[in-house]
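K.L.:
Below are the structure tokens for one structure; questions will follow.
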């Protein structure tokens, strides 16, 4: 089976180039360097049709940058993002519409000056997927899919609550019949009781419209609930990818373990936190070798110099840690 | 805390955008008075031929015998000149009404064109970035480093007098302010998620700039626009006073003040003073309206 | 033993243009020395305003209109503003979600800390203040505090800034700390670290801690008592294990059931339908009535009063959930 999405050796750098003064000072013998952030560093992954792949990681791990490259909002500095539509047809929407993104902030992800009907129908009309005359029925249909009714059509985004806005954002994405949805922290900004509603909606839409998800979140509870497979990122690199059962029961990478232990959980009840030490290093100047070595209990000399490769330690379970080296 | 009050406000105002706008605007009574005054001035300027007692440029009604009558005088035909007459016997009140028309017209037209030019350059600079942005913004910097009156004088000295030339000079002096304001707000807007969503939906650059970013940058541009229009009016008045701006055939307020200036020492104060007061009221009222708009759109002062 | 903080029937209302907003409407709870109490609620539930009210930081158009806030026996609502100000930062300290709310960006950490000590006790010498500041930074797990004290807030990462603001809060050995979403902006591993430091500090110094958050799982891990707020009222409060183990209020129950990790994978989550009501026009009855699956006719007419149960739980509900 060919994967729906293939990301091969993708990197993305953000460069803050030198201004004139710094260039001039360099001429005079001072040493000013360009600031380069390797937000995503040589990442490869595949997503198959019907899967829910969760990406977890802390701030600066590059999960959002990766999501934006998959959705086509950013272009990779190196490597390739390939999307292979599962049901190709000549009159359907073009391939670059097949990947859509659901955003984090329900307050800035909708244009405040557009009515809901226009937010939802702008893209399908622009791309000729529907006629302007069908606009209204089409918008009602899309809103119904996400649990809103026709009353919403003529209103502006500020007249809705956070959860409702998030639904409008989902309807906007559904309007171009995508196959892959990239959800970047899509429920993080919502209240607890609303989070469950939106998560359930995602699950229902997946069933009804054959969707595939790339679900990006820092919330491990949410990732555990929704994903089939989990990718753990740390400072721009994938450190572990595992099927959900293995992720929960046999996490391999020390960082994954630390992450899972640090999560506040209701089941555990009162407890003493024993957190992993150290700060998350600045992505401007990441540690050498394995990025996690300064915070890792098991780090050796080798970890400081050699970048560990992502190797298969069990079927479908990959980890990038020198502890797995057999010798 | 802010969350609670904001919540209450959004509920209260969800009915209508204009009602919210007016509720915020009318919080300052001074601004409401200023808006009323500005509205009346605008009305007078637009309907000057109908509201003026006489047409000061209709040579058949102007009589040199009536020159330099003090305010309130009556001529032989029984016409009353509330604000007196000027050196050529024209009714001052009517002259001021017609002068307002010219002044406001020149100010608004130049402001509007400068806004369009500046907004296009500023928005595109912010959206595309890179060398193009650097190029545009350096020109803006250079432009803003010259005093505007000096710039305008140089341009008029090169091109000569005339209505179109004055308007061109005012546009060249002003566009940079709009470009800077447009770029600043576009830089904020372009990083918002709705713009990323539009990119993801492959709507195309032109559509994203025009339909998504531009409408959301209008608020600060309108503020700059009101304040700049006031600035343009006073600049035009200065130029005309110096005899460089508009020709005598299109007398603006500045020209009226200039005309009366020679009579100041002979005690005929009204020929200069009344157009001056009209100019002052116009500029102050526009500025007060602009200040209130600025406060309303300033997120830091949002209550 | 008398509690450090005893809030009785607190009412804080906001008099807005569009009407009276009852942000806090009859909230009562207690915190003993060294105790950690969690105050949980969604946005708009009034949990932060409760914290601000205790600190005397409610701004116009808001006002405390009723109830008592007894801090070591003194009613804070009756004290003049200057006395509360003196108490704030010395006897009662605060930690916010955004540490930059308490840190001044243009002053060195050292200056801010020594000033915090000397304003409240001018007899302390500069050196003594510096020594105490250094110890405080060491206590919250900041390595090489001497060096870090010379730094400015922007030179710290988010987690470090939050530690510094905790250190500042601890400087004058307060009896009570009010922490409003202190770890919400932090990453998981850093959140673990901050919770760990707070836990240790409260245990060592016997400081009472009110932890305000939207995240049930966090307070379930650290607090001895939990209060659940909804629309300006505490709908249920009780000892940690009682409340988490057998919630009786339908809202608490719904919240607990909707947390993803509690549910089976692949199954739909149990969700609370509807949205949080506007605080401006609350119904005369129970505010949760329109979203509640167990609502009775009487829930619409009158709001349930607080009832004390056998297991030290206090509940506002006419039709409580019976756990099987």
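The values are calculated or read from the model by the stated rules, or taken from the named source; none is laboratory data. The model shown is predicted, which means the values in this text are computed figures rather than measured ones. We place every Cβ from the backbone using ideal geometry, glycine too, and count neighbours over all the protein chains shown.
K.L.:
Report every pair of residues separated by at least 6 positions or lying on different chains whose Cβ atoms are under 9 Å apart, first residue within the stretch C:219-230 and within 15 Å of residue A:192 (Cβ to Cβ) and at the interface with chain A (Cβ under 8 Å from one of its Cβ atoms), second assigned to a strand (DSSP E or B) and at pLDDT 90 or above.
P.N.:
So the pair list comes out as C:220/C:38; C:220/C:226.
K.L.:
Restricting attention to the stretch A:113-124, and to residues there that are in contact with a helix residue (DSSP H, G or I) (Cβ under 6 Å, 6 or more places away or on another chain) and farther than 16 Å from residue A:163 by Cα, which single residue is surrounded by the fewest Cβ atoms within 10 Å (Cβ to Cβ)?
P.N.:
At the first step, the residues of the stretch A:113-124 found to be in contact with a helix residue (DSSP H, G or I) (Cβ under 6 Å, 6 or more places away or on another chain) are A:113, A:116-117, A:119-121.
Checking the rest, the ones that are also farther than 16 Å from residue A:163 by Cα come to A:113, A:117, A:119-121.
On the way: A:113: 17, A:117: 20, A:119: 22, A:120: 28, A:121: 24.
Applying the filter and picking the extreme gives A:113.
K.L.:
Please find, within the stretch A:93-118, the residue that is nearest to residue A:151 (Cα to Cα) out of those that are in contact with a strand residue (DSSP E or B) (Cβ under 9 Å, 6 or more places away or on another chain) and outside any helix (DSSP H, G or I). First the steps, then the outcome.
P.N.:
Let us first name the residues in the stretch A:93-118 that are in contact with a strand residue (DSSP E or B) (Cβ under 9 Å, 6 or more places away or on another chain), namely A:95-96, A:98-104, A:109.
Among the residues that remain, those that are also outside any helix (DSSP H, G or I) are: A:98-104, A:109.
Working: A:98: 28, A:99: 28, A:100: 25, A:101: 25, A:102: 23, A:103: 24, A:104: 25, A:109: 21 Å.
In this case the residue turns out to be A:109.
K.L.:
If a residue counts only when it is without any contact (Cβ under 8 Å) to a residue 12 or more places away in the chain, which helices (runs of 4 or more DSSP H) contained entirely in the stretch A:213-270 have at least 2 such residues? Lay out the reasoning, then the answer.
P.N.:
On the way: elements: A:220-226, A:244-249, A:254-262.
Those helices (runs of 4 or more DSSP H) span A:244-249.
A quick yes/no check of all residues on (1) under 28 Å from the mean Cα position of the chain (by Cα); (2) in a helix (DSSP H, G or I); (3) at pLDDT 90 or above:
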site	(1), (2), (3)
A:120	yes, yes, yes
A:124	yes, yes, yes
A:130	no, no, yes
A:134	no, yes, yes
A:141	yes, yes, yes
A:144	yes, yes, yes
A:148	yes, no, yes
A:151	no, yes, no
A:158	yes, yes, no
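K.L.:
Among residues belonging to the stretch C:164-185 that are surrounded by fewer than 23 Cβ atoms within 10 Å (Cβ to Cβ) and closer than 24 Å to residue A:59 by Cβ, point out the one that is modelled with the lowest pLDDT.
P.N.:
Ranking the qualifying residues of the stretch C:164-185, first place goes to C:185.
K.L.:
Ok, one more. What do you reckon, is residue B:158 out of contact with any strand residue (DSSP E or B) (no Cβ under 9 Å at 6 or more places or on another chain), more than 11 Å from chain A (Cβ to nearest Cβ) and free of Cβ contacts under 8 Å to residues at least 24 places away in the same chain? Talk me through it step by step, then tell me what you get.
P.N.:
Working: out of contact with any strand residue (DSSP E or B) (no Cβ under 9 Å at 6 or more places or on another chain): yes; more than 11 Å from chain A (Cβ to nearest Cβ): yes; free of Cβ contacts under 8 Å to residues at least 24 places away in the same chain: yes.
So residue B:158 fits the description; yes.
K.L.:
Filtering the stretch A:178-207 down to residues that are touching a helix residue (DSSP H, G or I) at 6+ places or on another chain (Cβ under 8 Å) and away from chain C (no Cβ under 13 Å), which residue is farthest from residue A:71 (Cα to Cα)?
P.N.:
First, pick out the residues of the stretch A:178-207 that are touching a helix residue (DSSP H, G or I) at 6+ places or on another chain (Cβ under 8 Å): A:178, A:180-187, A:189-199, A:201-203, A:205.
With away from chain C (no Cβ under 13 Å) added as a condition, the list becomes A:178, A:180-184, A:186.
Values: A:178: 11, A:180: 9, A:181: 8, A:182: 7, A:183: 10, A:184: 10, A:186: 14 Å.
So, considering only residues that are touching a helix residue (DSSP H, G or I) at 6+ places or on another chain (Cβ under 8 Å) and away from chain C (no Cβ under 13 Å), the one farthest from residue A:71 (Cα to Cα) is A:186.
K.L.:
Here's another thing I want to ask about it. Inside the stretch C:92-101, can you point out the residues that are over 13 Å from residue C:152 (Cα atoms) and surrounded by fewer than 17 Cβ atoms within 10 Å (Cβ to Cβ)?
P.N.:
C:98, C:101
K.L.:
Just to be sure I understand, how many residues within the stretch C:298-324 are touching a strand residue (DSSP E or B) at 6+ places or on another chain (Cβ under 6 Å), assigned to a loop (DSSP other than H, G, I, E, B) and closer than 24 Å to residue C:44 by Cβ?
P.N.:
2
K.L.:
If you don't mind, another one. From the residues in the stretch C:102-144 that are without any contact (Cβ under 8 Å) to a residue 12 or more places away in the chain and in a helix (DSSP H, G or I), which one is surrounded by the fewest Cβ atoms within 10 Å (Cβ to Cβ)? Walk me through it before giving the result.
P.N.:
Step one: list which residues in the stretch C:102-144 are without any contact (Cβ under 8 Å) to a residue 12 or more places away in the chain, which gives C:111, C:115, C:118, C:122-125, C:127-128, C:131, C:135, C:138, C:143-144.
The next check asks that each one be in a helix (DSSP H, G or I); those that pass are C:111, C:115, C:118, C:127-128, C:131, C:135, C:138.
Values: C:111: 15, C:115: 15, C:118: 15, C:127: 9, C:128: 14, C:131: 13, C:135: 13, C:138: 15.
Filtering the stretch C:102-144 for residues that are without any contact (Cβ under 8 Å) to a residue 12 or more places away in the chain and in a helix (DSSP H, G or I), the one surrounded by the fewest Cβ atoms within 10 Å (Cβ to Cβ) comes out as C:127.
K.L.:
Which condition from (1) at pLDDT below 90; (2) under 27 Å from residue C:251 (Cα atoms) is the one that residue C:193 breaks?
P.N.:
(2)
K.L.:
Could you count how many residues in the stretch A:160-193 are assigned to a loop (DSSP other than H, G, I, E, B) and closer than 13 Å to residue A:116 by Cα?
P.N.:
2
K.L.:
Taking the condition of being within 13 Å of chain C (Cβ to nearest Cβ) and under 27 Å from residue A:37 (Cβ atoms), how many residues in the stretch A:208-221 meet it?
P.N.:
Number of matching residues: 5.
K.L.:
More than 30 Å from residue B:79 (Cβ to Cβ), within 16 Å of the chain's Cα centre (by Cα) and surrounded by 23 or more Cβ atoms within 10 Å (Cβ to Cβ): is that true of residue B:115 in this structure?
P.N.:
Working: more than 30 Å from residue B:79 (Cβ to Cβ): yes; within 16 Å of the chain's Cα centre (by Cα): yes; surrounded by 23 or more Cβ atoms within 10 Å (Cβ to Cβ): yes.
Criteria met by residue B:115.
K.L.:
When you scan the stretch C:37-63, how many residues do you find that are within 14 Å of chain A (Cβ to nearest Cβ), part of a loop (DSSP other than H, G, I, E, B) and touching a strand residue (DSSP E or B) at 6+ places or on another chain (Cβ under 7 Å)?
P.N.:
Looking only at that region, the number is 3.
K.L.:
Mind checking which residues of the stretch A:131-161 are surrounded by fewer than 17 Cβ atoms within 10 Å (Cβ to Cβ) and over 22 Å from residue C:274 (Cβ atoms)?
P.N.:
Selection gives A:131, A:132, A:133, A:134, A:136, A:137, A:141, A:154.
K.L.:
Moving on to the next point. Output the helices (runs of 4 or more DSSP H) that fall wholly within the stretch B:189-303 and possess 2 or more residues being touching a strand residue (DSSP E or B) at 6+ places or on another chain (Cβ under 9 Å), without any contact (Cβ under 8 Å) to a residue 40 or more places away in the chain and buried (at least 20 other Cβ atoms within 10 Å of the Cβ), or say none.
P.N.:
Numbers: elements: B:193-200, B:214-241, B:253-261, B:270-297.
The helices (runs of 4 or more DSSP H) meeting that bar are B:193-200.
Okay, residues lined up against (1) more than 14 Å from residue A:230 (Cα to Cα); (2) surrounded by 22 or more Cβ atoms within 10 Å (Cβ to Cβ); (3) within 13 Å of the chain's Cα centre (by Cα):
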| position | (1), (2), (3) |
| --- | --- |
| A:32 | yes, no, no |
| A:36 | yes, no, no |
| A:42 | yes, no, no |
| A:46 | no, no, no |
| A:50 | yes, no, no |
| A:53 | no, yes, yes |
| A:62 | yes, yes, yes |
| A:75 | yes, no, no |
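K.L.:
Assess whether residue A:205 counts as being touching a residue at least 12 places away in the same chain (Cβ under 8 Å), over 30 Å from residue A:280 (Cα atoms) and under 20 Å from the mean Cα position of the chain (by Cα). Steps first, answer last, please.
P.N.:
Details: touching a residue at least 12 places away in the same chain (Cβ under 8 Å): yes; over 30 Å from residue A:280 (Cα atoms): yes; under 20 Å from the mean Cα position of the chain (by Cα): yes.
Against the criterion (touching a residue at least 12 places away in the same chain (Cβ under 8 Å), over 30 Å from residue A:280 (Cα atoms) and under 20 Å from the mean Cα position of the chain (by Cα)), residue A:205 qualifies.
K.L.:
Yes or no: residue A:240 at pLDDT 90 or above, out of contact with any strand residue (DSSP E or B) (no Cβ under 7 Å at 6 or more places or on another chain) and either closer than 26 Å to residue C:218 by Cα or more than 9 Å from chain C (Cβ to nearest Cβ) (or both)?
P.N.:
Working: at pLDDT 90 or above: yes; out of contact with any strand residue (DSSP E or B) (no Cβ under 7 Å at 6 or more places or on another chain): no; either closer than 26 Å to residue C:218 by Cα or more than 9 Å from chain C (Cβ to nearest Cβ) (or both): yes.
Here the answer is no, as residue A:240 does not meet what is asked.
K.L.:
Which residues, counting only those in the stretch B:196-222, are more than 35 Å from the chain's Cα centre (by Cα) and farther than 16 Å from residue A:176 by Cβ?
P.N.:
Once the filter is applied, which keeps residues that are more than 35 Å from the chain's Cα centre (by Cα) and farther than 16 Å from residue A:176 by Cβ, the stretch B:196-222 yields nothing.
K.L.:
Mind checking whether some residue in the stretch C:69-81 is surrounded by 14 or more Cβ atoms within 10 Å (Cβ to Cβ), part of a helix (DSSP H, G or I) and over 16 Å from the mean Cα position of the chain (by Cα)?
P.N.:
yes
K.L.:
Of the conditions (1) in a helix (DSSP H, G or I); (2) away from every other protein chain (no Cβ under 14 Å), residue A:41 satisfies every one except a single condition; which number is it?
P.N.:
Condition (1) is where residue A:41 drops out.
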